[in-house]
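Got a structure for you, questions after.
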Amino acid sequence: MERTRPDYLMDRLINNKLSSEELAELLAGIGETEMSPEYSTILERYFNQLLAEANQNKKTSSENDQ
């Protein structure tokens with residue numbers, strides 16, 4: 001059985017591999033179930049922070065490898 005797009009996005013979210021574009025798609029999908037805009041904003045802020053930290057860690061790691 002083929003996985004659905006929401007399943008894929010949630011898996012990426014749980015494994016901290018969600019891109020900015022995928023986050024936007026996930027939040028748009030959550031909005032279809034009438035999630036409160038406040039929750040959406042909070043989640044978006046949180047995951048943007050996680051992405052920024054991951055990108056910073058990746059950058060720091062790359063610089064240390066050189």
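What follows is calculated from the coordinates using simple rules that are stated; it is not laboratory data. None of these values were measured; they are calculated from a predicted model. Glycine gets a Cβ as well: all are built from the backbone with ideal geometry, and neighbour counts include every protein chain shown.
Of Glu22, Glu53, how do they rank once you tally other Cβ atoms within 10 Å and put the fewest first?
Ordered from fewest to most neighbouring Cβ atoms within 10 Å, Glu22, Glu53 come out as Glu53, Glu22.
If you don't mind, another one. Once the other residues with Cβ under 10 Å from the Cβ of Glu22 are scored (Lys, Arg +1; Asp, Glu -1), what is the net sum?
+1
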